[in-house]
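Beneath this line is the structure, given in structure tokens, with notes to follow.
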Amino acid sequence: MSYLQLDQLTKSYAKQTILQNINLKLKQGEFLALLGPSGSGKSTILKILAGIEAPDAGEIRLAKRLLNPVAAHQREIVLLFQQPYLFPFLSVAENIGFGLKARKVAKKLIDQKVAELLDLVELSGMQQRKPQQLSGGQQQRVALARALAVQPKVLLLDEPLSSLDPEIRVSLQGVIARLHRELQMTTIIVTHDLSEALALAERTALLINGSLVADLPSIELFERPPNRAAAQFVGVGAIIAGQLQGTTFNSQLGQFNGNFAPNTVSLAIRPEHIQINNPASQPSIAAQILERRYLGERWEYRLQAAEQVITVREAGQTPREIGQTVDLHFPPQQLFALAD
Amino acid sequence: MAKLRRWLGLAPASIIIIGLFGGSLGYGIAQSLGWLPFLGQRQLSLAAYRNVLAGEQLGSQWWQALLFSLWVSLAATLGSALICLGLLSSIAERQQQYRGLSTISNLHLAIPHSVWAMALLLVLSQSGIFARLGFALGWLDQPSDFPVLVRDRWGSGIILAYITKEVPFLLLLGLASLHQQGRDYLLVAQSLGANRWQRVRLVLWPLLAPSLIGGSLLVFSFIFGAYEVPALVGVRYPEMLATMALELFLNPDLQARAEGMAVSLLMSLIILAVIGLAWRWRRAEHQP
């Protein structure tokens, strides 16, 4: 049973299509990541949901109610922007209580709620400070508390962590994840960062050039992207083009046996699943190392095999030499078919 | 040593400012105290001030001109500020209109006050374009049936001239405040459930208040001390303080020059008092 539903949402600006027939369904309390490169239309979806922009076509329903004609301030959907936009003329407490004041909630109740929320975002004792006296991370926490204060039916997060330092970003990811666990609020986060989507959301919808190219549990999208566009975005080790004959997939890189869907025209594999110089694994294909870079826990290599460049990530401290020829092995159980 | 060097560096500008403005001010104060060497008068006294504030004829003229100046300045300033606030409220959430409004305001600012006042006179007087047009179209029996909008005893013409001239000035100040993140703050408020009126009251007004209040003080001070518009579209009675001061200063009786200077200096004191009060209010507002 879907709680929030987007049907055939379309939006254009000056003849440029931003969104094309977007369909999305969310269950109550679900956490969805809208992932995609810059300019893919992710933020536009949030603006349409929040009522700041109107779609050219399509419908939005929240708990079966059609939202299209409802004004932004009556939607009970709160959008948290990339910048905290704390009102500079208000204190932290007044900022958090803003939405409640607009709803004419009694001052005593506002004070009580503000204290609870400050505790929740770990900023107790900062009620009287002005936004200018807070760090970037603290400001974003206050903005989050301000959004939560009105207990929205849907919380929209438009890359709220992208302007923060990596350390603060990770800490705030933890805060957001904890708040979602505790409050079970239906949440959509927009991000261009795959790791952020994986860290926060149970489901990820991938948007490229205004079209939804994948909508899957986040881990599944990462490990087995369903199509070429998704595979290129999440970063696979190789996309292998070929032909399926029975259960054998014939390609330039060799023959692969598996239970592939009929009409499979390409296979893919994650870079960490490709093995280098494993004598126990046959068949293998020779490849030459073109480049390497250290990622912290693994080395990433770019290799030339046949006419294709392949990316491999391998654990280990000692790097392989550039120019070295190695044998690559693609474990059949790690190969998956792409839809195109 | 560094401090001395800094002062020496400022010396050329300071000498010009102190020499020109300080000299003029000092000469003005001296004249208001009766130091008129061209009449052989070198003794200082407060006679001109006494005459202006409590003289039989000049005293009543001063108090009437003061009240009239306060009325015109306050009405024009409040009118300009309210119209500006209304305009900014109506376009604050449509950022694409900022540029158009800014361009129109800049163009309007380029028109001198005297030219604008003359234009209003030509358009709005009882022998002006509107009156003639109304008569030609049969809406008026006589052009003189057109309502008295300029050169009237309530100062409507002066107020109208200043409102139409000062609104663009205040708009530019307000737009500068809104330009950075004004629309974003309003969107946040909207998303948090604030309706249109609450967005104006709780977000737009606090954002605009510093520039609008500061700008309004400038407008008030300017109108209170300005001469050309009241001279063009005002009447001789009641008159504004600046008109009174200049008339006294240009009086063939050179003794009146001290009183003219006294009026000018009293006007300056009133403006300084208004600014001082506003400054104290701002400081109190910013006290934690």
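The values are calculated or read from the model by the stated rules, or taken from the named source; none is laboratory data. Please read these numbers as outputs of a predicted model, since none were measured by experiment. Cβ coordinates were reconstructed from backbone atoms using ideal geometry, including for glycine residues, and neighbour counts include every protein chain displayed. Heavy atoms of the whole protein, side chains included, go into the accessibility calculation; ligands, DNA and RNA do not. Shrake-Rupley method; radii C 1.70, N 1.55, O 1.52, S 1.80 Å.
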Selected residue (only one of A:ALA106, A:ALA115, A:ALA102 is at the interface with chain B (Cβ under 10 Å from one of its Cβ atoms), under 27 Å from B:ASN195 (Cβ atoms) and modelled with pLDDT of 90 or more): A:ALA102
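Residues to consider are B:LEU218, B:LEU241; find the one that is under 26 Å from the mean Cα position of the chain (by Cα), more than 14 Å from chain A (Cβ to nearest Cβ) and crowded, with 23+ Cβ neighbours inside 10 Å.
Numbers: B:LEU218 fails: crowded, with 23+ Cβ neighbours inside 10 Å.
Result: B:LEU241 is the single residue among B:LEU218, B:LEU241 that is under 26 Å from the mean Cα position of the chain (by Cα), more than 14 Å from chain A (Cβ to nearest Cβ) and crowded, with 23+ Cβ neighbours inside 10 Å.
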field: Residues of segment B:49-72 that turn out to be in contact (Cβ under 8 Å) with a residue 24 or more places away in the chain and either among the aromatic types (Phe, Trp, Tyr) or at positive phi (or both), as a count
entry: 4
message: Take the conditions open to solvent by less than 100 Å² (accessible area, probe 1.4 Å), aliphatic (A, V, I, L, M) and farther than 15 Å from B:ALA245 by Cβ and apply them to B:ILE17. Does it pass?
response: yes
message: Filter segment B:163-189 down to the residues that are within 14 Å of chain A (Cβ to nearest Cβ) and open to solvent by less than 30 Å² (accessible area, probe 1.4 Å) and list them by number.
response: B:LEU178, B:GLY182, B:TYR185, B:LEU186, B:LEU187, B:VAL188, B:ALA189
Condition broken by A:LYS47, with the remaining ones in (1) touching a strand residue (DSSP E or B) at 6+ places or on another chain (Cβ under 7 Å); (2) within 14 Å of another protein chain (Cβ to nearest Cβ); (3) open to solvent by 40 Å² or more (accessible area, probe 1.4 Å); (4) of a type outside the set (Val, Ile, Thr) satisfied: (1)
- prompt: Within segment B:244-258, can you find the residues that are open to solvent by less than 40 Å² (accessible area, probe 1.4 Å) and either within 23 Å of the chain's Cα centre (by Cα) or within 20 Å of B:PHE222 (Cα to Cα) (or both)?
  reply: B:MET244, B:ALA245, B:LEU248
message: As an exercise: evaluate A:GLU94 against (1) more than 14 Å from every other protein chain (Cβ to nearest Cβ); (2) modelled with pLDDT of 95 or more and give the number of the one condition it does not meet.
response: (1)
field: Candidates A:LYS25, A:LYS15, A:LYS42 - the one that is basic (Lys, Arg), within 21 Å of B:LEU187 (Cα to Cα) and in the same structural domain as A:VAL213 (by TED's automatic domain parsing)
entry: A:LYS42
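Conditions tested, residue by residue: (1) of a type in the set (Gly, Ala, Ser); (2) open to solvent by 30 Å² or more (accessible area, probe 1.4 Å); (3) farther than 30 Å from A:GLY36 by Cα.
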residue	(1), (2), (3)
A:ILE219	no, yes, no
A:PHE222	no, yes, no
A:PRO226	no, yes, no
A:ALA229	yes, yes, no
A:GLY237	yes, no, no
A:ILE240	no, no, no
A:LEU244	no, yes, yes
A:THR247	no, yes, yes
A:ASN250	no, yes, yes
- prompt: What do you reckon, is A:PRO166 modelled with pLDDT under 90 and touching a Phe, Trp or Tyr at 6+ places or on another chain (Cβ under 9 Å)?
  reply: no
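Which residue, of B:ALA30, B:ALA11, B:ALA2, is over 29 Å from the mean Cα position of the chain (by Cα) and either open to solvent by less than 40 Å² (accessible area, probe 1.4 Å) or under 20 Å from B:PHE249 (Cβ atoms) (or both)?
B:ALA11
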- prompt: On the given criteria, is A:ASN263 open to solvent by 50 Å² or more (accessible area, probe 1.4 Å), assigned by TED's automatic domain parsing to the domain that holds A:TYR13 and not aromatic (Phe, Trp, Tyr)?
  reply: no
- prompt: With respect to B:LEU140, is the statement that it is without any contact (Cβ under 8 Å) to a residue 12 or more places away in the chain, in contact with a Gly (Cβ under 7 Å, 6 or more places away or on another chain) and more than 23 Å from B:PHE68 (Cα to Cα) true?
  reply: yes
- prompt: Is segment B:262-275 home to any residue that is hydrophobic (A, V, I, L, M, F, W, C), within 14 Å of chain A (Cβ to nearest Cβ) and open to solvent by 10 Å² or more (accessible area, probe 1.4 Å)?
  reply: no
In segment B:193-213, residue surrounded by the most Cβ atoms within 10 Å (Cβ to Cβ) [restricted to those that are under 9 Å from B:LEU173 (Cβ atoms) and either within 11 Å of chain A (Cβ to nearest Cβ) or in contact (Cβ under 8 Å) with a residue 60 or more places away in the chain (or both)]: B:LEU208
query: When you scan segment A:172-212, how many residues do you find that are of a type in the set (Ser, Thr, Tyr), over 19 Å from A:LYS25 (Cβ atoms) and surrounded by fewer than 17 Cβ atoms within 10 Å (Cβ to Cβ)?
result: 1
- line: Among the residues of segment B:39-70, the number that are open to solvent by 50 Å² or more (accessible area, probe 1.4 Å), closer than 28 Å to B:ARG236 by Cβ and modelled with pLDDT under 90 is 3
statement: Of the residues in segment A:64-83 that are more than 9 Å from chain B (Cβ to nearest Cβ) and out of contact with any Lys or Arg (no Cβ under 7 Å at 6 or more places or on another chain), the one that is nearest to A:ALA115 (Cα to Cα) is A:GLN82
